[in-house]
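The next block holds one structure in the form of structure tokens; read it before the comments.
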Amino acid sequence: MKKLLLASAAMALAGAASAQEVKIGVLLGFTGPLEALAPNMAAGAELAIAEVTAAGGILGGTKVTAVRGDSTCVDAAAATTAAERLVTSDRVAAIMGADCSGVTRAVLQNVARPNGILMISPSATSPALTTEESDGLFFRTSPSDARQGVVMAEIIKSRGLDTVAVTYVNNDYGKGLADSFQAAFEAVGGKVTLNAAHEDQKADYSAEVGALAAAGGQALVVAGYVGSGTNIVRNALDTGAFDLFVFPDGMVSQELEDRLGPDINGSFGQNPASAGEGAAKYHEMAKAAGYDGTSPFSAEAYDAAALIMFAMQAANSTDAKVFKDKVLDVANAPGEKILPGELARGLEILKAGGEIDYQGATDVELVNGREAAGSYREIEFRDGKLVVVGYR
Amino acid sequence: MDLGNALVVFLNFVFVPGLAYGAQLALGALGVTLVFGVLRFSNFAHGDTMAFGTMVTIFATWWLQGMGVSFGPLPTALIALPFGIAVTAAVVLATDRGVYRFYRRVRAAPVIFLIVSAGVMFVMNALVRFFIGVEDIAFADGGRFVVSAREWRELTGMQEGLAIRTTQALTLGVAIVAVALLFWFLNRTRTGKSMRAYADNEDLALLSGINPERVVAVTWIITAALATTAGVLYGLDKSFKAFTYFQLLLPIFAAAVVGGLGNPLGAIAGGFVIAFSEVAVTYAWRRVAAYALPEGWAPEGLMQLLSTDYKFAVSFAILIVVLLFKPTGLFKGKST
């Protein structure tokens, strides 16, 4: 009982101190299909927050802290509950998240808009989110897949392939990407023999691979997540259905190289990434902090968190209704260019009334009033290794 | 017309994968059906028991690999399997002690047992994630293929390849052995007979002096063995990931119900029915047809009955039809 009293006293003290503290929700799929990526994404966001707090915080001494919530990636109801808890119980000022497109949409409509909370997603890439009603409260540091579809069509065409089969993970992300790719590929004269869905995390993909093999094509586009996608590729290789594969962003990862490396030489793909010095710098910072910064969407998460804090500083407010208008100002030109690790300098410029053009780890440039323009790196497997062959 | 190639395409994309998947489902469904038959509840924790057993086996496999032990062309995990079964059996027995026994004492309704097992499922699920993590883990070693698609083409000079993976052959082999052992045990041994008697009529079995705690314990041990074996075979054939085992629960229950809950023979049949219907109904038959039909008759379309999106729907359609017209399942099971 004594302990309990002590604890509640401490809680009361902490509550009093929080006048000088602002919280940012980190809403990612710590369980579910993206659970392998989420820790590195959260670490990215928390690194930015720690960097700012170490530099004395924002708004002249307000500490910033992160509160995690589990979006589950697939369960809209669970994600909404988690977001609601962040907003009503933890009283976050903004949300860094969510991760998957479907739950992001649900959280935006059910929690962010009704409560007037700003959210910046690091990884929701569905084209539908470009036009989703948002009251100016939604941004993303990842590009729309409409863009990726075009880039992928160009890459495939430039390699002299005319017919491909497509399998996509059956959700907002997969469907959006597959459809935008099919449209772009057919526009440049290619042919998609079959555009079929697969469920993520399913027990067995024999049926999917069988149908794709029957449809045929020179290569198989696997628009899914690395876990299940790898199993599909493995199955297609084993049955001799395909030996050339195209990997969009959800697939490009170390795990793919580890598990399939030598078997998929010649296969290629692309993911959002920039060649800039910001990326290299971020990877170093991540290494020093003890996590993998090259993991997909980790850099985007860092940038999303940084943008939130810059916008707060620029607006001199932690009220989303006020600082939502500043996100585009701090993300785009004109202004001083800010790289990862220089967040303190950016805050100072803003404090002095100057302007910044946040570059961050991913060369942030927001278009359509809310999303990253998107630069992609083209990768290829050579001698069992994932090699970067260029940027588009 | 080329019936040979048509047959090879069919075997490669429908028959072989369906057979392996069916065997995995059958082993899983056997465990579910056994618990239902003897302990009279639907064990939702079965999928995660499979994950747990596989996890222990993977740890043992790593340890063996670290010691430099290997099993030639067969995966090392086979040697580690008994160890995995032993640990899982111990954990499952402890769960029974700590959780299920209480509800048995108060003679709780089956639906309460079901909810309790869902609780156990979440705990198991969390334990697995905690110990081994959430990433995909490939732990198969040894030879990958009995015959690969390329080898087949070179060997026979046929246009189409047939691939049979070691793990697929292994799955079938181990499944046959496991089922044979189970049936021998249930039908020939004294303990097995007492289990069947207990399942048939609990009160009568108690009156005849059958020790209920012993029957329950033996049931759990067998369930743990089946779950671990099914989980390891599945993980070898695909890869291990905590989340997929949770997902596997649905087709496994579909298989058990279709076959008739509580009937071991039905569980096996159900596993294959579900697996083959998932693969065959959604398969695009164009290539098979192109070979099998006379020249010039080759179809333009894919000849696909249902898109693969509806794979799940197929097993559940079968499930509903069976429940509507033959609620006890294809083989006589229990309808409650």
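The values are calculated or read from the model by the stated rules, or taken from the named source; none is laboratory data. What you are looking at is a predicted structure, and each value in this text was computed from that prediction instead of being measured. Using ideal geometry, Cβ is built from the backbone for each residue, glycine included, and neighbour counts are taken over all protein chains shown.
In segment B:307-318, which residue that is more than 10 Å from chain A (Cβ to nearest Cβ) and buried (at least 21 other Cβ atoms within 10 Å of the Cβ) is modelled with the highest pLDDT?
Across segment B:307-318, the extreme among qualifying residues is B:ILE318.
Read through the list (1) at pLDDT 85 or above; (2) under 30 Å from B:ALA60 (Cα atoms); (3) of a type outside the set (Val, Ile, Thr), then give the number of the only condition that B:ASP136 fails.
(1)
Has segment A:210-224 got any residue that is in contact (Cβ under 8 Å) with a residue 60 or more places away in the chain, farther than 12 Å from A:VAL166 by Cα and within 13 Å of chain B (Cβ to nearest Cβ)?
no
Would you mind stating whether A:GLU154 is within 26 Å of B:ARG287 (Cβ to Cβ) and among the acidic types (Asp, Glu)?
For A:GLU154, the condition - within 26 Å of B:ARG287 (Cβ to Cβ) and among the acidic types (Asp, Glu) - is not met.
Only residues that are farther than 30 Å from B:GLU213 by Cα, small (Gly, Ala, Ser) and surrounded by 22 or more Cβ atoms within 10 Å (Cβ to Cβ): list them for segment B:39-98, please.
B:ALA77
Of the conditions (1) at pLDDT 80 or above; (2) in a loop (DSSP other than H, G, I, E, B), B:GLY333 satisfies every one except a single condition; which number is it?
Every condition holds for B:GLY333 apart from (1).
One residue is enough: does segment A:60-76 have a residue meeting the conditions modelled with pLDDT under 90, of a type in the set (A, V, I, L, M) and out of contact with any helix residue (DSSP H, G or I) (no Cβ under 9 Å at 6 or more places or on another chain)?
Taking every residue of segment A:60-76 in turn, none turns out to be modelled with pLDDT under 90, of a type in the set (A, V, I, L, M) and out of contact with any helix residue (DSSP H, G or I) (no Cβ under 9 Å at 6 or more places or on another chain).
Starting from segment B:131-156, take each residue that is farther than 17 Å from A:ASP263 by Cβ and within 11 Å of chain A (Cβ to nearest Cβ) and list its partners that are among the acidic types (Asp, Glu) and not in a strand (DSSP E or B), counting only C-beta distances under 8 angstrom and pairs at least six apart or across chains.
These pairs meet every condition: B:VAL134/A:GLU35; B:GLU135/A:GLU255; B:ARG153/B:GLU160.
Show me the strands (runs of 3 or more DSSP E) entirely contained within segment A:152-265 in which 2 or more residues are among the aromatic types (Phe, Trp, Tyr).
Answer list for segment A:152-265: A:245-247.
Would you point out which residue out of A:ALA43, A:ALA78 is surrounded by fewer than 20 Cβ atoms within 10 Å (Cβ to Cβ) and assigned to a helix (DSSP H, G or I)?
A:ALA78
Evaluate the following for B:GLY157: is it on the phi > 0 side of the Ramachandran plot and not charged (D, E, K, R)?
So B:GLY157 passes the test.
Hey, B:MET67 hits all of (1) more than 14 Å from every other protein chain (Cβ to nearest Cβ); (2) more than 29 Å from B:PHE246 (Cα to Cα); (3) at pLDDT below 85 but one; which does it fall short on?
Status for B:MET67: all satisfied but (3).
One residue is enough: does segment A:276-290 have a residue meeting the conditions part of a loop (DSSP other than H, G, I, E, B), out of contact with any strand residue (DSSP E or B) (no Cβ under 6 Å at 6 or more places or on another chain) and among the acidic types (Asp, Glu)?
Scanning segment A:276-290, I find no residue that is part of a loop (DSSP other than H, G, I, E, B), out of contact with any strand residue (DSSP E or B) (no Cβ under 6 Å at 6 or more places or on another chain) and among the acidic types (Asp, Glu), so the answer is no.
Quick one: in segment A:241-262, which of the residues that are within 18 Å of B:ALA149 (Cα to Cα) and at pLDDT below 85 is farthest from the other protein chains (Cβ to nearest Cβ)?
A:PRO262
If you go through segment A:225-234 one residue at a time, how many are within 10 Å of chain B (Cβ to nearest Cβ) and either surrounded by 24 or more Cβ atoms within 10 Å (Cβ to Cβ) or within 15 Å of B:PHE243 (Cβ to Cβ) (or both)?
5
Given the structure, is A:THR130 surrounded by fewer than 24 Cβ atoms within 10 Å (Cβ to Cβ) and in contact with a Ser or Thr (Cβ under 7 Å, 6 or more places away or on another chain)?
The answer is yes for A:THR130.
Among the residues of segment A:157-194 satisfying the criterion of being within 24 Å of the chain's Cα centre (by Cα), among the aliphatic types (A, V, I, L, M) and crowded, with 18+ Cβ neighbours inside 10 Å, which is nearest to A:THR72 (Cα to Cα)?
Step by step, filter segment A:157-194, then rank; the result is A:VAL169.
Among A:ALA124, A:ALA94, A:ALA153, which is closer than 22 Å to A:PHE245 by Cβ and either buried (at least 24 other Cβ atoms within 10 Å of the Cβ) or touching a helix residue (DSSP H, G or I) at 6+ places or on another chain (Cβ under 6 Å) (or both)?
A:ALA153
Look through B:PHE59, B:PHE44, B:PHE15, B:PHE10 and report the one residue that is part of a helix (DSSP H, G or I) and away from chain A (no Cβ under 14 Å).
Answer to the check: B:PHE59.
Kindly state which helices (runs of 4 or more DSSP H) lie completely within segment B:198-280 and contain at least 1 residues that are within 14 Å of another protein chain (Cβ to nearest Cβ) and of a type outside the set (Asp, Glu).
Of the helices (runs of 4 or more DSSP H) lying wholly inside segment B:198-280, those with at least 1 residues that are within 14 Å of another protein chain (Cβ to nearest Cβ) and of a type outside the set (Asp, Glu) span B:212-237, B:242-259.
Considering (1) of a type in the set (Ser, Thr, Tyr); (2) out of contact with any Leu (no Cβ under 9 Å at 6 or more places or on another chain); (3) at the interface with another protein chain (Cβ under 9 Å from one of its Cβ atoms), say which one A:THR167 fails and leave the rest.
Unmet for A:THR167, out of (1) of a type in the set (Ser, Thr, Tyr); (2) out of contact with any Leu (no Cβ under 9 Å at 6 or more places or on another chain); (3) at the interface with another protein chain (Cβ under 9 Å from one of its Cβ atoms): (2).
Any residue at all in segment B:283-306 that is buried (at least 24 other Cβ atoms within 10 Å of the Cβ), facing chain A (nearest Cβ under 9 Å) and among the hydroxyl-bearing types (Ser, Thr, Tyr)?
yes
Given the residues B:PHE113, B:PHE131, which is the only one that is aromatic (Phe, Trp, Tyr), surrounded by fewer than 17 Cβ atoms within 10 Å (Cβ to Cβ) and under 24 Å from the mean Cα position of the chain (by Cα)?
Going through B:PHE113, B:PHE131 in turn, just one is aromatic (Phe, Trp, Tyr), surrounded by fewer than 17 Cβ atoms within 10 Å (Cβ to Cβ) and under 24 Å from the mean Cα position of the chain (by Cα): B:PHE131.
Identify, by number, the condition in (1) surrounded by fewer than 19 Cβ atoms within 10 Å (Cβ to Cβ); (2) part of a helix (DSSP H, G or I) that A:THR65 doesn't meet.
Here A:THR65 meets the rest and fails (2).
Do you know which of the residues in segment B:281-311 that are aliphatic (A, V, I, L, M) and part of a loop (DSSP other than H, G, I, E, B) is nearest to A:ASN195 (Cα to Cα)?
B:LEU302
Under 7 Å by Cβ, and 6 or more places apart or on different chains, what pairs join a residue from segment A:46-70 that is assigned by TED's automatic domain parsing to the domain that holds A:GLU35 and over 17 Å from A:ALA314 (Cβ atoms) with one that is outside any strand (DSSP E or B) and among the charged types (D, E, K, R)?
A:ALA66/A:GLU46; A:VAL67/A:ASP90; A:GLY69/A:ARG85
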